[in-house]
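Here the structure is laid out as structure tokens; the discussion comes afterwards.
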Amino acid sequence: MNAIFLSASIPTPGREFYGTADPLQIQLAIRALLALTLGRRHIVFGGHPSITPMIAAACDSLGLQFLNSVTLYQSRFFAKDFPADNQRFGNKVLVEAGADAKSSLESMRRTMFSSHAYDGAVFVGGMNGVLEEYELFHKINPKAAIVPLAQTGAAASALSQSLASAGLRDFSAANYTQRYIDELGVSPVEPRVGA
């Protein structure tokens, strides 16, 4: 089963893009992705504390084994900040800490983007990390589909505008499920593995 990378977060006060995100649209976009793809594609994500509980709840509601459906990556550099929901995931990869936060994130992302065969990546809301993840993901996986969701605001909106201005295509469609079907090639009639 090929993978889909999810890059998502909700900007926090004092951070870049704070006040420009739409938390409701972020939640709707992530829930639509998970409802369609869990058990049909392997979801890979970096475990942002605002997103991890949503993924755990979606896996629970579908009755899927986390190990078969999702891989959570985290850098040991941030161990003191891991959300409690991390313990619910059986399939997590802890990447050794670097000298600082920047090198630790770079190492985790390189490991995450090189360890799976990706069909695509979805970018939702977020801060500067979303833009950094796009650059590195696209460099390592140049043939994978890129799905930035402008309606979620924040960094994903900036990424969407940047890619659209480069003439790639219009990223403004708001029907999340249909976009995932069309752009990631996931069919809602595919059987789920691990159900």
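The values are calculated or read from the model by the stated rules, or taken from the named source; none is laboratory data. A quick note: this is a predicted structure, and the numbers were derived from the prediction, not measured. Note that we place each Cβ from the backbone using ideal geometry, even for glycine, and neighbour counts take in every protein chain shown.
Scanning segment 13-70 for residues that are exposed (fewer than 14 other Cβ atoms within 10 Å of the Cβ), hydroxyl-bearing (Ser, Thr, Tyr) and over 20 Å from PRO148 (Cβ atoms) yields a total of 1.
Quick check: is even one residue across segment 79-91 of a type in the set (Phe, Trp, Tyr) and over 14 Å from the mean Cα position of the chain (by Cα)? Yes, because at least one residue in segment 79-91 is of a type in the set (Phe, Trp, Tyr) and over 14 Å from the mean Cα position of the chain (by Cα).
Among the residues of segment 86-107, is any part of a helix (DSSP H, G or I), touching a strand residue (DSSP E or B) at 6+ places or on another chain (Cβ under 8 Å) and of a type in the set (Phe, Trp, Tyr)? Looking for residues that are part of a helix (DSSP H, G or I), touching a strand residue (DSSP E or B) at 6+ places or on another chain (Cβ under 8 Å) and of a type in the set (Phe, Trp, Tyr), one finds none in segment 86-107, hence no.
Against the criterion of being farther than 25 Å from LEU136 by Cα and touching a residue at least 60 places away in the same chain (Cβ under 8 Å), LEU38 does not qualify. Filtering segment 75-97 to residues that are of a type outside the set (Phe, Trp, Tyr) and either at pLDDT below 95 or in contact with a Pro (Cβ under 6 Å, 6 or more places away or on another chain) (or both) leaves ALA79, LYS80, ASP81, PRO83, ALA84, ASP85, ASN86, GLN87, ARG88, GLY90, ASN91, LYS92. Of all residues in segment 17-35, those satisfying the criterion of being under 14 Å from the mean Cα position of the chain (by Cα) and not small (Gly, Ala, Ser) are ILE26, GLN27, LEU28, ILE30, ARG31, LEU33, LEU34. When residues in segment 140-186 are screened for being among the basic types (Lys, Arg) and either in contact with a strand residue (DSSP E or B) (Cβ under 8 Å, 6 or more places away or on another chain) or modelled with pLDDT of 90 or more (or both), 2 of them pass.
For the condition out of contact with any strand residue (DSSP E or B) (no Cβ under 9 Å at 6 or more places or on another chain), at pLDDT below 95 and surrounded by fewer than 20 Cβ atoms within 10 Å (Cβ to Cβ), SER114 does not qualify. Annotation: of all residues in segment 1-12 being over 19 Å from ALA158 (Cβ atoms) and hydrophobic (A, V, I, L, M, F, W, C), the one that is surrounded by the fewest Cβ atoms within 10 Å (Cβ to Cβ) is MET1. Can you tell me which residues in segment 127-162 are farther than 21 Å from ALA3 by Cβ, surrounded by 23 or more Cβ atoms within 10 Å (Cβ to Cβ) and of a type in the set (A, V, I, L, M)? Across segment 127-162, the qualifying residues are ALA154, ALA155.
If you go through segment 39-73 and keep only what is among the polar types (S, T, N, Q), more than 20 Å from SER187 (Cβ to Cβ), part of a helix (DSSP H, G or I) and at pLDDT 85 or above, you end up with just THR52.
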